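The values are calculated or read from the model by the stated rules, or taken from the named source; none is laboratory data. Since we're looking at a predicted model, the values are computed, not measured. Heads up, the Cβs are rebuilt from the backbone with ideal geometry, glycines too, and the neighbour counts pull from every protein chain shown.
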Amino acid sequence: MATLTPDSADTAQASDEPMREATASAHAPEEHASAGGHAHPSDWLYVKVAIYLALLTAFEVFTYFETVHGWGDTAIIIMLVIMMLLKFFLVVAFFMHLKFDSPIFWRLFVFGLILAMAVYMVMLTAFRFW
């Protein structure tokens, strides 16, 4: 069992002070925004991204009406994959705030997307969809 001496109590108290100061300053709104934080885009940018996503979704729905166009299945799948990738990057970049975070998060998401797309293409080939 450790015993407290007057010198060790002063040391313990001195080591607690920087932690208390750091905790107090971390919760101060002025310092939080300036210390390593990032500026978020305006609300209008989020509205524009939402409009782009809605337009992409409308065009995706349009591709399901085969009576409107006579494109082949391969062309439709390629268009849907491209639109899916665009929507993925818009959502991840702005609504998940990865555009403003460390590049390692982008790399993780892109790696996951590439892996998922590879598995999808292998399954399309395995079931002779092409």
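Taking only the range 64-109 into account, find how many residues are surrounded by 15 or more Cβ atoms within 10 Å (Cβ to Cβ), under 13 Å from the mean Cα position of the chain (by Cα) and among the aliphatic types (A, V, I, L, M).
Residues that pass the stated criteria total 4.
When the residues of the range 58-83 are narrowed to those that are acidic (Asp, Glu) and in a helix (DSSP H, G or I), which ends up farthest from Met121 (Cα to Cα)? Steps first, answer last, please.
Of the range 58-83, the ones acidic (Asp, Glu) are 60, 66, 73.
Right, trim to in a helix (DSSP H, G or I) and you get 60, 73.
Numbers: Glu60: 19, Asp73: 14 Å.
Only one residue fits best here, namely Glu60.
Quick one: what pairs do we get from the range 102-130, first residue in contact (Cβ under 8 Å) with a residue 12 or more places away in the chain and closer than 18 Å to Met84 by Cα, second among the small types (Gly, Ala, Ser) and in a helix (DSSP H, G or I), C-beta under 7 Å, 6+ apart or different chains?
none
So, of the residues in the range 33-52 that are small (Gly, Ala, Ser) and surrounded by 11 or more Cβ atoms within 10 Å (Cβ to Cβ), which turns out to be modelled with the highest pLDDT? Write out each step before concluding.
Taking the range 33-52 and keeping what is small (Gly, Ala, Ser), we get 33-37, 39, 42, 50.
Okay, now just the ones that are also surrounded by 11 or more Cβ atoms within 10 Å (Cβ to Cβ), so 33, 50.
Values: Ala33: 45, Ala50: 94.
The selected residue is Ala50.
Going through Leu115, Leu55, Leu86, Leu108 one at a time, which residue ends up being modelled with pLDDT of 85 or more, more than 30 Å from Thr125 (Cβ to Cβ) and part of a helix (DSSP H, G or I)? I'd like the intermediate steps shown before the answer.
Working: Leu115 fails: more than 30 Å from Thr125 (Cβ to Cβ); Leu86 fails: more than 30 Å from Thr125 (Cβ to Cβ); Leu108 fails: more than 30 Å from Thr125 (Cβ to Cβ).
Criteria check complete, one pass: Leu55.
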